[in-house]
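Visitor: Here it is, the structure in full.
The values are calculated or read from the model by the stated rules, or taken from the named source; none is laboratory data. Just so it is clear, the structure is predicted and the values come from calculations on it, not from any experiment. Virtual Cβ from ideal backbone geometry, glycine too; neighbours counted across all protein chains shown.
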Amino acid sequence: MFHKTNILKKFTDPAFIAHRIELFENLVSKRDSIVAINLRKMYDNGIKIAVGTDAGNPFIFHGISIYKEMKAMQDAGIPARDLIIMATKNGALAMERLDDFGTLERGKMAIL
């Protein structure tokens, strides 16, 4: 017979919770390693990359999430100089707006 109290005890047991957190952290770590390897392969093969976040998803916040994104890209081996290009020029290129912004050139929009 199924007892709700047994299930509740299991899911509130500190050892069970700690084990589930450890499993989740291992899964995330493996996923992040694969993402970093694939990102580096794209970079090494000259594929245009733009910096961006999935802001609006749970725990991905507008504004501040860009720093975590760029840190992960740098940890994957992308130099800071190229990250700046990916966050400016390549971002504008991806939006088909390179004529308007993305680089510092006469006639383009800029925030003063």
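Visitor: I'd like the residue in segment 1-51 that is surrounded by 11 or more Cβ atoms within 10 Å (Cβ to Cβ) and among the small types (Gly, Ala, Ser) and, out of all such residues, is nearest to residue 82 (Cα to Cα).
Guide: Checking each candidate, the answer is 50.
Visitor: Next question. Take the conditions surrounded by 14 or more Cβ atoms within 10 Å (Cβ to Cβ) and among the β-branched types (Val, Ile, Thr) and apply them to residue 103. Does it pass? So that I can check it myself, show each step before the final result.
Guide: On the way: surrounded by 14 or more Cβ atoms within 10 Å (Cβ to Cβ): no; among the β-branched types (Val, Ile, Thr): yes.
Here the answer is no, as residue 103 does not meet what is asked.
Visitor: A further question on this structure: Scan 69, 105 and give me the residue that is part of a loop (DSSP other than H, G, I, E, B), among the acidic types (Asp, Glu) and either at pLDDT below 90 or closer than 24 Å to residue 32 by Cα (or both). Explain how you work it out, then say what you get.
Guide: On the way: 69 fails: part of a loop (DSSP other than H, G, I, E, B).
On inspection, the qualifying residue turns out to be 105.
Visitor: Can you tell me how many residues within segment 53-66 are outside any helix (DSSP H, G or I) and either of a type in the set (Gly, Ala, Ser) or surrounded by 10 or more Cβ atoms within 10 Å (Cβ to Cβ) (or both)? Walk me through it before giving the result.
Guide: Filtering segment 53-66 down to residues outside any helix (DSSP H, G or I) leaves 53-64.
Still in the running and either of a type in the set (Gly, Ala, Ser) or surrounded by 10 or more Cβ atoms within 10 Å (Cβ to Cβ) (or both): 53, 55-56, 60-61, 63-64.
Count: 7.
Visitor: Among the numbered criteria (1) touching a residue at least 40 places away in the same chain (Cβ under 8 Å); (2) over 20 Å from residue 108 (Cβ atoms); (3) part of a loop (DSSP other than H, G, I, E, B), which one does residue 50 miss?
Guide: (2)
Visitor: Next up: Which pairs do you get when a residue that is farther than 18 Å from residue 45 by Cβ, found in segment 76-92, comes within reach of a residue that is modelled with pLDDT under 95 and hydroxyl-bearing (Ser, Thr, Tyr), reach meaning Cβ atoms under 7 angstrom, with the pair 6+ apart or on two chains?
Guide: Final answer for the pair search is 88/103; 89/103.
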